[in-house]
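What follows draws every value from the coordinates through simple rules; no lab data is involved. On a predicted model such as this, the values are computed, not experimentally measured, just so you know. When we count neighbours, we look across all protein chains shown, and the Cβ atoms used for this are built from the backbone with ideal geometry, even at glycine.
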Amino acid sequence: MNPPAIVSSSRTMRDFSLGCMLPVAEWADLNRTAIFADPMLRRYVSPFPPEALMQNTSGLTSEADFAAHGAHFWIALSQASTKPLTEFASILDFGCGCGRLARMFKGHPGRIVGCDIDKRHVDWCSAALKYMETRLSPLRPPIPFPDNDFAAVISISVFTHLNEKSSRQFLQELARVCRPDGMLFLTVHGSRALERAISERSIRAMLDVPDDLFEAGRRRFSRGQHAFILQQGHLTTGGKTAFERLLKRCMETDFFEYGISFIPEQYVRNTWSRWFDVIDYRAGALHDFQDIVVLRPKK
């Protein structure tokens, strides 16, 4: 058995086996930088998913990019929280994917739970992230957890893709499973994301939605409405023909809609207040794009 790596400097000594109990910046730097400079340090961080799963959940194909995203999320969430993430006794990662954020919870002293709608992601997390309990989640509520089960709920890049009906249903569910004194950290595409989508060609191309649908969504957003646009990006693969079939099926059936959503801050404050108190709203907190909404359930 290898001894823990003790890293020293003139000011501090750190034991990398502490995982996320390390100071936030040091844990982030270990994950996104140090392990690529010194592969011997990889044993102190979580494993990486296969490239196909990384691309399916994030559009990323390199471990370095995947690690950088997770580390950035860890820092941004830590800054948004009123206490260290390691002090929450139980955390739900709603829409955990293949562990972009969940990898960062290695070493957490509490209960870490993830859920996702894709069995491939659930199977990989269950096998590779032994510190996390992972469940398959349905496309529609209820989710498989009892009332008041979690001290914190985190959901990154989920409400950014749901239509208004699904958003309301899942907001109610997350309020249900969060403890009365708990906190939620949910991300949305707000004014900053829309501004960049309009002004930056690379982002507009990444969204991969028809111009007429995008413009209609922009107008809804300007009126203070939840703006949902069917999407044909990396998460709805198959190209234009497949997207057209998806659009037709959505119109003719009760098929689950997936796309890109832009939600005004005032809409969040007015509508989400049915279930939550808005504690903080951090515009552009994730990569100067997604906003983090910090909430407490009304119970």
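Couple of notes before you dig in:
- All-pairs Cα distance distribution in the chain, expressed in whole percent, bin size 5 Å: 1, 5, 11, 16, 18, 17, 14, 9, 5, 2, 1, 0, 0, 0
- By the beta-carbon count within 10 Å of each Cβ, the least crowded to most crowded order of Ile279, Ile292, fewest first, is Ile279, Ile292.
- For Phe105, net neighbour charge (Lys/Arg +1, Asp/Glu -1) across residues whose Cβ lies under 14 Å away: +2
- Formal net charge of residues neighbouring Gly259 (Cβ-Cβ distance under 12 Å; K, R +1; D, E -1): -3
- Remark: the His287-Leu213 segment gains 24.2 nm on full extension, using 0.36 nm per residue and subtracting the alpha carbon distance.
- Of the trypsin sites (Lys or Arg not before Pro) found in segment 261-298, those in coil by DSSP whose Cβ has at most 11 other Cβ atoms within 10 Å are Lys298.
- Between the beta carbons of Ser222 and Arg274, assuming R0 = 25 Å, the FRET efficiency works out to 0.60 to the nearest 0.05.
- Exposed loop sites here are chymotrypsin sites (Phe, Trp or Tyr not before Pro) assigned a DSSP state other than H, G, I, E or B and surrounded by at most 16 other beta carbons within 10 Å; excluding them, the longest clear run of the chain is 1-130.
- Full-stretch length increase - Asp65, Ser17 - with 0.36 nm per residue and alpha-carbon distance subtracted: 15.0 nm
- For the pair Asp123 and Gln172, the difference between a 0.36 nm per residue extended length and the Cα-Cα distance amounts to 15.0 nm.
- Within-14-Å neighbourhood charge of Thr61 [Cβ basis; K, R +1; D, E -1]: -2
- Dipole magnitude (debye, nearest 20) for the chain, charges at Cβ of Lys, Arg, Asp, Glu: 380 debye
- Segment 102-141: trypsin sites (Lys or Arg not before Pro) in DSSP coil with no more than 16 other Cβ atoms inside 10 Å: Lys130
- In a DSSP loop and with at most 13 other Cβ atoms within 10 Å, the GluC sites (Glu not before Pro) in segment 177-216 are Glu200.
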